[in-house]
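The values are calculated or read from the model by the stated rules, or taken from the named source; none is laboratory data. Since the model is a prediction, treat every value here as computed from it, not as a measurement. With ideal geometry, Cβ positions are generated from the backbone for all residues, glycine too; neighbour counts draw on all protein chains shown. These accessible areas exclude ligands, DNA and RNA; they are computed on the full protein's heavy atoms, side chains included. Shrake-Rupley method; radii C 1.70, N 1.55, O 1.52, S 1.80 Å.
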There are 2 protein chains.
Amino acid sequence: MFLRPFASTSTLPPTIRQLLSSLQPTGQATKVQLSGWIKSVRRQKNVTFAVINDGSCASGLQAVLKPDATPHNLTNGASVRICGNLVQSLGRGQSYELQLRAYPIQKQALPVEFLRDNAHLRARTDINAAMLRLRDSVLRTLRSYYEAQDFHYVHTPILTSNDCEGGGETFRVSPASSAPSSGQSPDPSAQAEFFSQPTYLTVSSQLHLEVLAASLSRVYTLSPCFRAERSQTNRHLAEFWMLEAEWAFINHVGDVCYVVEESLKNVLLQCRSENALLWKDGDEAKLKSLEDASRPGIPWTRMSYTDAVKELQKYQSSSRVGFEFQPAWGKALQSEHERWLSERLVGGPVFVTDYPTSLKPFYMRANDDGKTVACFDLLVPFIGELVGGSLREERSSHLIEAIQRHGLKEEEYGWYVDLRKYGSAPHGGYGLGFERLISWMSGIENVRECIAMPRWAKRMLL
Amino acid sequence: MFLRPFASTSTLPPTIRQLLSSLQPTGQATKVQLSGWIKSVRRQKNVTFAVINDGSCASGLQAVLKPDATPHNLTNGASVRICGNLVQSLGRGQSYELQLRAYPIQKQALPVEFLRDNAHLRARTDINAAMLRLRDSVLRTLRSYYEAQDFHYVHTPILTSNDCEGGGETFRVSPASSAPSSGQSPDPSAQAEFFSQPTYLTVSSQLHLEVLAASLSRVYTLSPCFRAERSQTNRHLAEFWMLEAEWAFINHVGDVCYVVEESLKNVLLQCRSENALLWKDGDEAKLKSLEDASRPGIPWTRMSYTDAVKELQKYQSSSRVGFEFQPAWGKALQSEHERWLSERLVGGPVFVTDYPTSLKPFYMRANDDGKTVACFDLLVPFIGELVGGSLREERSSHLIEAIQRHGLKEEEYGWYVDLRKYGSAPHGGYGLGFERLISWMSGIENVRECIAMPRWAKRMLL
């Protein structure tokens, strides 16, 4: 009979994390088989110690090899499958060790100088692997939060005819096949043909999320976003991930802040253990500020833009050093202002709300004062702006006026205005730079180190 | 003092789904307030019935309004906030109804003819909203499965210098700002400048996942993928989502199949209730085939490509109708062949394994027979190919040979070969077309209806 079933394993074998977390501290030896890569080797006269990790958690396992069971070519980076007895360790710093009958299935060294220019090997470093696991656990915690609040995860398009905030540095997309060879330019007529209109990579999912929030009430997504930013700072990537949430039937910008604060405190508390390795040699002051921010029961500070400017001006006039840029109502807050507010004035995260209309995008809801919009930026110490959000203008006449005032083409936003013509409801939401959150939580300063394969101007390995 | 705390809600108010699932069937009336959109209105002499939904679940709530409490302009699509008593319904087909003291906060009709050409309103239809909720719950179930197996969720790049399988119809990316106006062509020199090399949108995350599996052992992602496919079929989108998993320390392609089968059966079983609305008027035969596939304990059929071709040939020579394309060893399986295998021969999902080397990409692991590779396609009734996977060639000499044989440029795959030079381990994985899975599960035939905002050749609304 040809329909033969294959021999198949019933489940995947346990990872090192699963193995360690399932063990009872009985002191008895457990026979195990596991696979991983050698992280370090220390040869002594009668015994060799080798640390093995499979990337499932930060701590590896120390294997203890007798000389006759130690291959001479056992080196860092070698992949091994190992059988042995797992016993509680007598050494300090680890709970278990493996006494081995081992054979490496491959064996090659991983020279450290390789790492910098070899992005494909970078994930094998402990720090980078810990960062990748942190991304995963932050995401798990955020999802639990949203799911408990009945938000639905949705997928918004990456290709769009719209550039959301207007004037962003966008990327343009066209089919490659129209180019005679990969070294040459895409043919614009083929592009015009392909989607019948100019096509860009999204810079934000917000407008699309608003479409879906008008059906499912509460939606969120973690989506790649793209900015053709040429500035070479440690806060910018050409490709980055944005967590965006949008929901209907909300009337106060403070309620948006509340969801941001609650979800982030959850993350700070629940992902603390994931962070241990990353903060091992970290800056004490930063770590303390992070721990202060995670305290439940102590709400993060909120202040209006107007009050923030007053405080900045007070400091400017009283301090000998002062700011490079003069703070004034109606002017954008500079990075130095933002950092002073969160690091010096407040000493923690601060929601700055109700910015002047002229400083913010067209879609934010006008306040009754006629001068400001119902929005906020969340500023955190050592990072600056982490989250931006607002109520969205749900009144079609106000929205049309704002589109005109910003000099945008009304016909391009017809569908967006339509959302207000039919079943319009008050709504709001926010966007959070995922790599900035990882940077804040891990103490890794450069956002390029907070993503598996970073892309920035002039740089795209792999 | 300027640091005034805002008045903020302590949690978001309950959605209709949360309300209904928290109720005890005591028969007592519960006073509630809820927000949503009107789905239908039926006016009678002494009473008006209006169905309200907020998108949190398929079933809405029926509101019963006295004439004096019924606004004359209460119409489909209007957004309302409603207060009333929730009581068990005497009518058939619903468990609860709302007796109202109501005021609509906005009121506009949503004409049905709007929907087809108005993608921004499409999500408000019951079917589309149910499809969106199904995507979310499928994803939740898949994530639980992977998390239980100690997989880490990772993010792979969308922008890449690599086109994975070679010869795919890719999209090319360049900064828009180099174009003098949005109607004109991107400037290729600006592009060359931006990333220092030609840049494409990813067609698959696999090669990048292999990089990360060599560190974290088990990884998966749901990533947007792009193909500049000009064919107008109901199986293709220019932008679609691929679920891809990759893991190390695996030696049999049957073990990859096992993970696919186990995870998908989980999804079929756990998301069954989400599907009720979508299958209301669905095809009985398709629904039965889906339910058969979800039976635990009955393994999905596996057969080799070689055996599959024998069966196809047997049928071809015995049947009067036969296939349009002659089946033969070494030739690709056509859509008609794939459907016959799953719908007629097997009557369910079937893994076809070990295809000829010449039919598959360079990275698949060579079998010992020298003619085939350790791979599979999962074919399901009414859909065709749903999943493709393989062991990956972990032996560097075999891989280099395959790169040469496929006429690929060795220098472009240097980093990929490197993964085999340092700590190479046997590994494998698969990719699943997410919209095809939704199509299979929901009975919605066209994949364009299985994504919130579909993009295909000549079509990109919003």
Open item on the list: I'd like the FRET efficiency for A:SER22 and B:ARG405, computed as 1/(1 + (r/R0)^6) with the beta carbon distance as r and R0 of 41 Å, rounded to 0.05.
Closed with: 0.35
TODO: Write out the chymotrypsin sites (Phe, Trp or Tyr not before Pro) in the range B:264-353 meeting two conditions: DSSP loop, and at most 14 other Cβ atoms within 10 Å of their Cβ.
DONE: B:TRP329
Open item on the list: On a straight-distance basis, which lysines could pair with A:LYS371 in a cross-link, Cα separation under 17 angstrom, same-chain partners fewer than 8 positions away excluded?
Closed with: A:LYS310, A:LYS331, A:LYS360
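State the volume of the convex hull built on the alpha-carbon positions of the range A:349-441, expressed per residue in Å³ and rounded to an integer. Could you put the intermediate results ahead of the total?
On the way: hull volume 10.6 nm³, N = 93.
That works out to 114 Å³ per residue.
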Task: J(HN,Hα) series, the range B:445-462, from Karplus relation 6.51 cos²θ - 1.76 cosθ + 1.60, nearest Hz, glycine and proline x - done: 5, 8, 4, 5, 8, 9, 9, 4, 9, x, 10, 9, 3, 6, 9, 7, 7, 6
TODO: Output ³J(HN,Hα) for the range A:194-208: one whole-Hz value per residue in order, computed from phi by the Karplus curve 6.51 cos²θ - 1.76 cosθ + 1.60 with θ = phi - 60°, and x for Gly and Pro.
DONE: 5, 10, 6, 6, x, 10, 10, 7, 4, 9, 6, 8, 4, 4, 5
Task: Only Lys, Arg (+1) and Asp, Glu (-1) charged, at Cβ; the protein assembly as shown dipole about Cα centre in debye - done: 1500
Task: Within chain B, longest stretch clear of exposed trypsin sites (Lys or Arg not before Pro) (DSSP loop, no more than 10 other Cβ within 10 Å) - done: B:93-319
Task: Dipole of the protein assembly as shown, positive direction: furthest Cα of B:PRO67, A:THR301, A:GLY423, with charges on the beta-carbon - done: B:PRO67
Task: Positive-end residue of B:PRO327, B:GLN28, A:PHE226, charge dipole of the protein assembly as shown with Cβ unit charges - done: B:GLN28
TODO: Please check which bits of the range B:12-42 a label hung off B:GLN88 would reach, taking the label as a point 7 Å along Cα-to-C-beta and the cut-off as backbone N under 19 Å.
DONE: B:19-32
Open item on the list: Test of understanding: given chain A, find the longest segment containing no GluC sites (Glu not before Pro) that are in a DSSP loop and have at most 13 other Cβ atoms within 10 Å.
Closed with: A:114-323
Open item on the list: What distance in nm lies between label points placed 7 Å from Cα along the C-beta direction at A:GLN197 and A:ASN73?
Closed with: 6.0
TODO: Using θ = phi - 60° and the Karplus relation 6.51 cos²θ - 1.76 cosθ + 1.60, list the HN-Hα couplings for the range A:389-397 in order, rounded to whole Hz, with x at every Gly or Pro.
DONE: x, 5, 6, 9, 5, 9, 8, 4, 5
Task: Per residue accessible area in Å² of chain A, where ligands, DNA and RNA are left out and the probe is 1.4 Å - done: 41
Open item on the list: If N is the number of residues in the range A:215-268, what value comes out of its Cα radius of gyration divided by 2.2 N^0.38 Å?
Closed with: 1.47
Task: Rg in Å to one decimal, and Dmax rounded to a whole Å, for chain B via C-alpha atoms - done: 26.7, 90
Task: Alpha carbon convex hull of the protein assembly as shown, projected area averaged over orientations, nm² - done: 43.7
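Using a 1.4 Å probe on protein heavy atoms only, how many Å² of accessible area do A and B hide from each other, summed over both chains and rounded to 100? Present the calculation step by step, with values, prior to reporting the outcome.
Values: alone 24980 and 24990 Å², together 37500 Å².
Between A and B, the summed buried area is about 12500 Å².
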- [ ] Take every Cα pair under 8 Å in chain B that's 6+ residues apart, average their separations, divide by the length, and report that relative contact order as a whole percent.
- [x] 13
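Calculate, for B:ARG295 and B:ASN446, the FRET efficiency according to 1/(1 + (r/R0)^6) with r their C-beta to C-beta distance and R0 22 Å; round to the nearest 0.05. Don't skip to the answer; put the middle values down first.
On the way: r = 28 Å, r/R0 = 1.25.
After rounding to 0.05, the efficiency reads 0.20.
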Open item on the list: Can you give the FRET efficiency to the nearest 0.05 for A:ASN234 and B:SER273, using r as the Cβ-Cβ distance and R₀ = 45 Å?
Closed with: 0.40
Task: Modelled label reach - A:GLU169, point 7 Å along Cα→Cβ, the range A:223-248 residues with backbone N closer than 20 Å - done: A:224-242
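Please compute, for peptide B:407-417, the average count of beta-carbon atoms on other protein chains lying within 10 Å of each residue's beta-carbon.
Working: counts 0, 0, 0, 0, 0, 0, 0, 2, 6, 2, 0.
Taking all residues of B:407-417 together, the mean is 1.
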Task: Label spacing, shortest first and in nm, from B:ALA328 to its equivalents in the remaining copies (7 angstrom along Cα→Cβ) - done: 8.1
TODO: Report the extension gain between A:LEU359 and A:THR30 in nm, rounded to one decimal, defined as 0.36 nm multiplied by the number of residues separating them, less their alpha carbon distance.
DONE: 112.1 nm
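Report in % the part of the accessible area of the protein assembly as shown that belongs to carbon and sulfur, leaving out ligands and nucleic acids; probe 1.4 Å.
Values: 18330 of 37500 Å².
On the protein assembly as shown, the fraction of accessible area on carbon and sulfur atoms equals 49 percent.
How big, in percent, is the set of alpha carbon pairs in the range B:245-326 lying more than 15 Å apart? Please report the intermediate quantities before stating the final value.
Numbers: 2378 of 3321 pairs.
Roughly 72 percent, once rounded to a whole number.
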